[in-house]
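Below: one structure, written as structure tokens.
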């Protein structure tokens, strides 16, 4: 494989640069309940600036026969007004799961993105937007893993098993050692 910085680069925005709506989060907000009409106003910020102010409205068999998500508002300086059809799936283990139907591909998806300069939400695959992690090098991945492990370690309950806590600390130490070695190698190369 190539070294750091090798390979194809693109100016396409990544998922972190897009406005991102996840249906799991909508379900957590109580917006995907049967026979209900729900509305929420959400803001997306980047570098201290509001990049999107959207109103999300879900109608799940309340006024309309087919469930849908209506998104209106402003994003990246453009007016957004789009309707996304929703589909329910009953898993064999019980409960229900909701999917959005991508307007570009027609496939089910759990996440919708709006790239900068566009006015229609679609799936990640529909917009062909790469995930940020695909453009990271080994050090960036290790730093992200360190942040994730530190967050998880702080969130562990007081009564967490000793083995679980030690395993998480060991993983954190391994990643920190790797990052330190990479920085030492870079310092030796530069001197």
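The values are calculated or read from the model by the stated rules, or taken from the named source; none is laboratory data. This structure is a prediction, so every number in the text was calculated from the model and none was measured. Note that we place each Cβ from the backbone using ideal geometry, even for glycine, and neighbour counts take in every protein chain shown.
General remarks:
- Scanning region 148-163 for residues that are under 27 Å from the mean Cα position of the chain (by Cα) and either without any contact (Cβ under 8 Å) to a residue 24 or more places away in the chain or over 22 Å from residue 133 (Cα atoms) (or both) turns up 148, 150, 151, 152, 153, 154, 155, 156, 157.
- Subset of region 50-78 [out of contact with any strand residue (DSSP E or B) (no Cβ under 8 Å at 6 or more places or on another chain) and either outside the structural domain of residue 29 (by TED's automatic domain parsing) or assigned to a strand (DSSP E or B) (or both)]: 78
- Which numbered condition residue 170 misses (of (1) in the same structural domain as residue 97 (by TED's automatic domain parsing); (2) part of a helix (DSSP H, G or I)): (1)
- Neighbours by Cβ (under 7 Å, 6+ apart or cross-chain): first from region 86-102, free of Cβ contacts under 8 Å to residues at least 60 places away in the same chain; second loosely packed, with under 10 Cβ neighbours inside 10 Å: 96/90; 97/91
- Being in a strand (DSSP E or B) and at pLDDT 90 or above is a property that residue 24 lacks.
- Of all residues in region 35-49, those that are in a strand (DSSP E or B) and touching a strand residue (DSSP E or B) at 6+ places or on another chain (Cβ under 8 Å) total 10.
- Test: residue in region 100-111 that is in the same structural domain as residue 71 (by TED's automatic domain parsing), surrounded by fewer than 12 Cβ atoms within 10 Å (Cβ to Cβ) and closer than 30 Å to residue 56 by Cα: yes
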